[in-house]
Amino acid sequence: MTSPTSTTPTSTVTDWPVRATALTDELTAAGKLTSPAWRAAVEAVPRHVFVPEFYVYRDGRMITVAASDPTTSGEWQEQVYSNTALVTKIGQDEPGGPPVFLSSSSTPGLMTRMVEALDVRDGNRVLEIGTGTGYNAALLCHRLGEARVYSVDVEPDLLETARIRLAELGYHPTLVAGDGAEGLAEHAPFDRIIATCSVPAIPWPWVDQARIGGVILTDIKVGLAAGNLVRLTRTAPDRAEGMFDAGQAAFMELRHTAGSPGRIPYARTPEDSPATESTTELDPRIPWSNPVVWFLAALRLGGHYRLGYTGGDPHHGPDAVSITTPEGSRAEITLATDHDDGHRVSETGPVRLWQHVEHAHQQWESAGRPGWPRLGLAVTPDTQTIYIDEPGNPLAGVS
Ligand SMILES: C[S@@+](CC[C@H](N)C(=O)[O-])C[C@H]1O[C@@H](n2cnc3c(N)ncnc32)[C@H](O)[C@@H]1O
């Protein structure tokens with residue numbers, strides 16, 4: 001599957017200024033857009049130029065919703081000016097495998113929240129990791145001027161398409177195809193660095209290429225659904241630190257080569273692997289429904305786990321939740337309790353995964369049940385440490 005490369009002139013949607021203003025009003029009312037300068041950018045940049053088509057999962061398959069297709073053009077027009085993320089490139093990890101999302105135009109409200117959190121000042125030079133459609137780069141160009149905007153994407157075809165669409169609107173930022181984890185050393189230092197893909201830890205080049213006092217804003221995801229936006233300030237040549245965002249965000253993960261996230265293979269737990277049976281007081285729904293607990297658990301689980309539900313029938317839902325890790329460890333925890341004994345836990349393989357989750361939950365309780373705004377991240381060339389309230393109170397390491 002390939003990405004769409006057609007272009008859509010502004011004239012395709014004649015009332016786009018009205019739609020862009022309505023989107024601006026919607027984001028403002030939702031508290032996701034507050035500053036006049038960014039309001040002006042959202043009103044001035046036609047999103048439809050950057051997303052002439054997108055993919056949706058419908059009736060068990062991916063279909064294309066496109067401006068050029070009369071059967072979907074109405075839906076297309078509605079969606080591009082709504083607060084919705086639109087998938088624009090899909091691929092496969094393996095031939096015949098399920099589709100994986102490789103690029104999207106992020107939810108406009110998330111983009112505006114992020115660019116506002118970036119706290120840009122006139123004259124700032126900004127590096128964006130994850131050009132995607134180019135829409136966010138266009139917002140940055142409107143706000144700061146094209147000469148101060150730099151953007152990198154690992155997918156060369158996306159980058160070239162974004163270049164064409166940006167140029168149609170008169171924007172010529174510096175666009176580079178490559179692995180954004182390396183930053184853009186030849187154009188450093190930057191006042192602001194914004195990543196619109198998630199990373200398991202902060203790539204040191206981002207800190208190294210930020211000015212002292214400069215800001216780095218990214219989504220840290222140490223594992224599936226485990227992490228959030230963090231805003232770091234470079235405080236010294238060898239240090240950046242800052243707090244996590246109060247809201248929740250989710251971006252597709254940064255991948256080092258084009259075309260596929262290249263997921264790691266999973267070992268099967270041998271059928272005859274002995275199981276360790278125990279019980280737990282902790283309802284397995286609690287760590288999953290609390291993003292901070294789950295983040296702390298993921299730091300212990302190692303990031304490459306999978307989650308699932310097992311058993312049950314269509315009428316009664318699942319019986320148990322499961323966690324699996326690549327080396328073949330697995331934990332299954334029943335959703336129902338056995339009288340006073342709690343939830344039954346069955347663990348197989350080399351690592352007792354549920355124990356890690358319980359420890360993370362205890363750690364969160366002992367820390368006073370913090371929400372995201374009390375969590376921070378300190379980064380040096382050799383360490384990345386999660387802290388609570390201030391860097392002097394370390395909670396866990398990020399590997
Ligand atoms: C959510 S999309 C970005 C949306 C974009 N900012 C926009 O306005 O359309 C995430 C992008 O990150 C890109 N990406 C993934 N890994 C990357 C890497 N190592 N370096 C640069 N870009 C990367 C993907 O190709 C994808 O286009």
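The values are calculated or read from the model by the stated rules, or taken from the named source; none is laboratory data. None of the values given here were measured: they were computed from a predicted structure. Positions of Cβ are backbone-derived with ideal geometry, glycine not excepted, and every protein chain shown enters the neighbour counts. For accessibility, only protein heavy atoms count, side chains too; no ligands or nucleic acids. Shrake-Rupley method; radii C 1.70, N 1.55, O 1.52, S 1.80 Å.
Worth pointing out:
- All of V345, V379 fail the test of being more than 25 Å from D219 (Cα to Cα) and surrounded by 13 or more Cβ atoms within 10 Å (Cβ to Cβ), apart from V345.
- Of all the numbered requirements in (1) within 10 Å of the ligand (Cβ to nearest atom); (2) outside any strand (DSSP E or B), I164 misses one, and that requirement is (1).
- Some residue of region 240-260 being open to solvent by 40 Å² or more (accessible area, probe 1.4 Å), among the aromatic types (F, W, Y) and at pLDDT below 95: no
- Top-ranked residue of region 304-336 - restricted to ones that are within 23 Å of the chain's Cα centre (by Cα) and surrounded by fewer than 20 Cβ atoms within 10 Å (Cβ to Cβ), ranked as farthest from N228 (Cα to Cα): P326
- Given (1) within 20 Å of A250 (Cα to Cα); (2) modelled with pLDDT of 95 or more; (3) more than 10 Å from the ligand (Cβ to nearest atom), index of the condition V152 fails: (3)
- Applying the criterion of being among the aliphatic types (A, V, I, L, M) and under 20 Å from the mean Cα position of the chain (by Cα) to the residues of region 178-198, the residue that is farthest from L139 (Cα to Cα) is A181.
- Within the span defined as region 236-244, every residue fails to be within 15 Å of I386 (Cα to Cα), within 15 Å of the ligand (Cβ to nearest atom) and part of a strand (DSSP E or B).
- Search result, residues across region 167-199 that are within 12 Å of the ligand (Cβ to nearest atom) and open to solvent by 30 Å² or more (accessible area, probe 1.4 Å): V176, A177, D179, E182
- Scanning region 146-157 for residues that are surrounded by fewer than 24 Cβ atoms within 10 Å (Cβ to Cβ) and either within 21 Å of Y81 (Cα to Cα) or without any contact (Cβ under 8 Å) to a residue 60 or more places away in the chain (or both) returns E146, A147, R148, V152.
- Condition check for R352: open to solvent by 70 Å² or more (accessible area, probe 1.4 Å) and at positive phi: no
- Residue within region 209-224 that is over 18 Å from P391 (Cα atoms), within 16 Å of the ligand (Cβ to nearest atom) and open to solvent by 20 Å² or more (accessible area, probe 1.4 Å) present: yes
- Among the residues of region 362-382, none is identified as under 22 Å from the mean Cα position of the chain (by Cα), under 23 Å from I212 (Cβ atoms) and assigned to a loop (DSSP other than H, G, I, E, B).
- Test: residue in region 248-263 that is of a type in the set (G, A, S), part of a loop (DSSP other than H, G, I, E, B) and within 18 Å of E116 (Cα to Cα): yes
- Selection of region 361-399 for residues being under 24 Å from D283 (Cβ atoms) and among the acidic types (D, E) yields only E365.
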